[in-house]
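The structure under discussion appears below in the form of structure tokens.
What follows draws every value from the coordinates through simple rules; no lab data is involved. From a predicted model like this one, the values you see are computed outputs, not experimental measurements. Every residue, glycine among them, receives a Cβ derived from its backbone with ideal geometry; neighbour counts consider all protein chains shown.
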Amino acid sequence: MRKPVVAAVNGPAIGIGSTMLLHCDLVYAGQSARFQLPFVPLGIVPEFGSTFLLPLLAGYQRAAALLLLGEPFTAEQAREVGMVNEVLPDGEVLARAERAAAALAALPPESVRLTKRLLKKTHAAAIEAHIAEEARIFSERLGSPEAKAAMSAFLAKAKRPG
């Protein structure tokens, strides 16, 4: 995207809901927002460049914990690892994101676009290559016996009365 992307997260951001945030320019989350990267426990691999971008943001150790274990994490933890700019009361998230978008829209547009391009340029080719490799491996893993078993177990657990 040439223009800045601003995200507001209220509620769960699981899988692609979390990985797409790594591509956003500004991310605001409500206190009750929950994040999860459950790929490995499901027998597949992370996607959309998350294995490249998350270590850049969070550092290797924190990225490894989030991606390998696939456990849920809070909005505050997402802020600590760099996925979220600000954590707000749930009812204030959308208004905050809209204010940020309005502030960006009021700036000289070409300066905004060029600055974003410069920010992203260093890693653009590597991210594209990473996304392609993740997609290839993800597709292969979907049909694996390991992934089928993990997903069946997940669905069985989800269907049990709570």
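Numbers for the structure displayed
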item	result
Selection from 156, 137, 57, by position along the positive dipole direction of the chain (Cβ)	137
Summed residue charge, Cβ within 10 Å of residue 51's Cβ, Lys/Arg positive, Asp/Glu negative	-3
Share antiparallel - DSSP beta bridges, the chain, percent rounded to 5	15 percent
In degrees, nearest ten, helix 124-142 long axis to first principal axis of the chain (Cα)	20 degrees
C-alpha long axis of helix 93-105 to longest principal axis of the chain, angle in °	50 degrees
Tally of Lys pairs whose C-alpha atoms are under 25 Å apart, taken over the chain, 8 or more apart or cross-chain	5
Point-charge dipole on Cβ atoms (K/R +1, D/E -1) for the chain, about Cα centre, debye to 20	220 debye
Computed [θ] at 222 nm, helices only, for the chain once each DSSP H run of length n ≥ 4 contributes -39500 (n - 2.57)	-15500 deg cm²/dmol
Selection from 91, 38, 118 lying farthest towards where the dipole of the range 38-127 points positive, charges on Cβ	118
